[in-house]
1. Return the pairs, sorted by first residue and then second, in which the second residue is among the aliphatic types (A, V, I, L, M) and open to solvent by 60 Å² or more (accessible area, probe 1.4 Å), the first residue lies in region 193-211 and is touching a residue at least 60 places away in the same chain (Cβ under 8 Å) and within 14 Å of the ligand (Cβ to nearest atom), the beta carbons are less than 7 Å apart, and the residues are 6+ apart or on different chains.
2. Say we look at region 230-264 and pick out the residues that are open to solvent by 20 Å² or more (accessible area, probe 1.4 Å) and more than 15 Å from residue 347 (Cα to Cα); which of these is farthest from the chain's Cα centre (by Cα)?
3. Every residue in region 232-275 that is charged (D, E, K, R) and either touching a residue at least 24 places away in the same chain (Cβ under 8 Å) or in contact with a Ser or Thr (Cβ under 8 Å, 6 or more places away or on another chain) (or both), please.
4. For region 311-338, enumerate the residues that are within 16 Å of the ligand (Cβ to nearest atom) and surrounded by fewer than 15 Cβ atoms within 10 Å (Cβ to Cβ).
5. Can you name every residue in region 122-177 that is near the ligand (Cβ under 9 Å from one of its atoms), part of a loop (DSSP other than H, G, I, E, B) and either among the hydrophobic types (A, V, I, L, M, F, W, C) or surrounded by 24 or more Cβ atoms within 10 Å (Cβ to Cβ) (or both)?
6. Determine whether residue 226 is in contact with a Lys or Arg (Cβ under 9 Å, 6 or more places away or on another chain), assigned by TED's automatic domain parsing to the domain that holds residue 335 and at pLDDT 95 or above.
7. What number of residues in region 90-105 are in a strand (DSSP E or B) and open to solvent by 80 Å² or more (accessible area, probe 1.4 Å)?
8. Answer yes or no as to whether residue 221 is in contact with a helix residue (DSSP H, G or I) (Cβ under 7 Å, 6 or more places away or on another chain), among the hydrophobic types (A, V, I, L, M, F, W, C) and either farther than 30 Å from residue 386 by Cβ or more than 9 Å from the ligand (Cβ to nearest atom) (or both).
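The values are calculated or read from the model by the stated rules, or taken from the named source; none is laboratory data. Model, not experiment: these values are computed from the prediction. Note that we place each Cβ from the backbone using ideal geometry, even for glycine, and neighbour counts take in every protein chain shown. The protein model used for the area step is the full one, side chains on, heavy atoms only, and it has no ligands, DNA or RNA in it. Shrake-Rupley method; radii C 1.70, N 1.55, O 1.52, S 1.80 Å.
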Amino acid sequence: MAGTTSTDPDPVTVARAAFASGRTRSLTWRRAQLEGLVRMLAERGDDIRAAMAADLGKSDVEATLTEISTVSGEAKLALKNLRRWTADRRVRAPLTLGTARATIHREPLGTVLIIGPWNYPFHLLFMPLVGALAAGNAVVLKPSEVAPACSKVVADIVPRYLDTEAVQVVEGGVEETTRLLDGMFDHIFYTGNGPVGSIVMAAAARRLTPVTLELGGKSPVWVDSSLPVERVAGSLAWGKFANCGQTCVAPDYVLTTPELAEPLAAALGAAVRASYGEDPLHSEYYGRIVNERHAARLAALLPSGRAVVGGTAEASARYVAPTVLLDVAADSPVMQDEIFGPILPIVTVADHDAAIDFINERPKPLALYAYTNRAEVREAIIARTSSGGVAFNTVMTQLGVPALPFGGVGPSGMGSYHGERSLVTFSHERSILRKLPGPDLTTMARPPFNPRMRKMLLRG
Ligand code: NAD
């Protein structure tokens, strides 16, 4: 493993021993870890911002909002609610048990592995970490090697603020992750692409280790004429071009009517100029593609339609212009896989019914968006489609509601997290039943049965 030698203790063994010591179970330990995380984000903000700039060309403001403030907010929310979220819950026991007390007790799972991707390298490692720590687990963090500066910062700062045994960082790529997946974990939480998700799940299956898979896919947007096109474009352009479109819940493509396609594309062009100026290459707020390979992959998608905004790329500079494509055929290359970059194809369909059919002919998305003020369209979308989440008249902001579970469905993922749901994801909800002295009708169900009792029991 990167940075370790054969004589170093195995990080998984160390984490397991820390969990076995019992200390991670106490609320005092959990609070100290969450407070440490909040402190780390406050004190190491400059390191985080510098790494984000190096790996993704991310502006300081965007890095602060998406990688620091959100995680810090999540940790503070967990701190505030820790006692309530971890309290035993009394539930009703049936009268036949007489006097009995039934409770649900949330216990930590043990030692969990969190594997992060490169696109939000801190956020997507630390948001699940909040839930794992709040639930009292030991954790092994595996940052993505594709964002090397961020991975290095994670490995550097985490041991300075968190329990150095119970929270381990293992850097590395496929080889190191494959080795980790051979280890004994009580849960694996993976964020990344679907094909690797199935590798993770297959490895977990060997030990029947439960998994949470936070995957991606093509998240569609339906736009109709019931909202001002400028308002739609401003919101869409922000969601699509933030982090250069390298966001799992970024709007992937737009479905709209033929009449609306041109005006919408023009308004998107205006929104791009308003945010990033005439030449986004020189905007301090426009990022970069994570590496040349991904930039070249995106450049190859540009001929899929008529570029009415952007349309240029410089793979060696990891630059792909904010692009809007018209005249895009449903079977064109850009409409095959998740784009994961700043290219927004607009595909025309007759109406919202045709848009729903189009969506349903494809894998269930992580996010589904619609800009509409028509209640019947909203209801039709909710009733006739499925996706991890759905948001109307906005994109991506659903992630800012901690009470909404975040996760996919089918090929876009399994399991969810954020807020209290994270605590549930990283806990086992253990059933506890305690029979108290007193009447107990279940004794009547013990053999032998007299004819009257037999008749009664057979009636159910
Ligand atoms: P990535 O290449 O960084 O891979 C993710 C992790 O998997 C890394 O830690 C990497 O080391 C590990 N990995 C890669 N290949 C592996 C292998 N063969 N065996 C074991 N481990 C391996 O990131 P990515 O997959 O390119 O991330 C982008 C994808 O993630 C997109 O599809 C995006 O939609 C999805 N995503 C989903 C969410 C979500 O919350 N649902 C968030 C961000 C990204």
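1. 211/201
2. 230
3. The answer is 240, 252, 259, 262.
4. Matches in region 311-338: 336 only.
5. 143, 144, 146, 147
6. yes
7. Number of matching residues: 2.
8. Taking the combined requirement at face value, the residue satisfies it.
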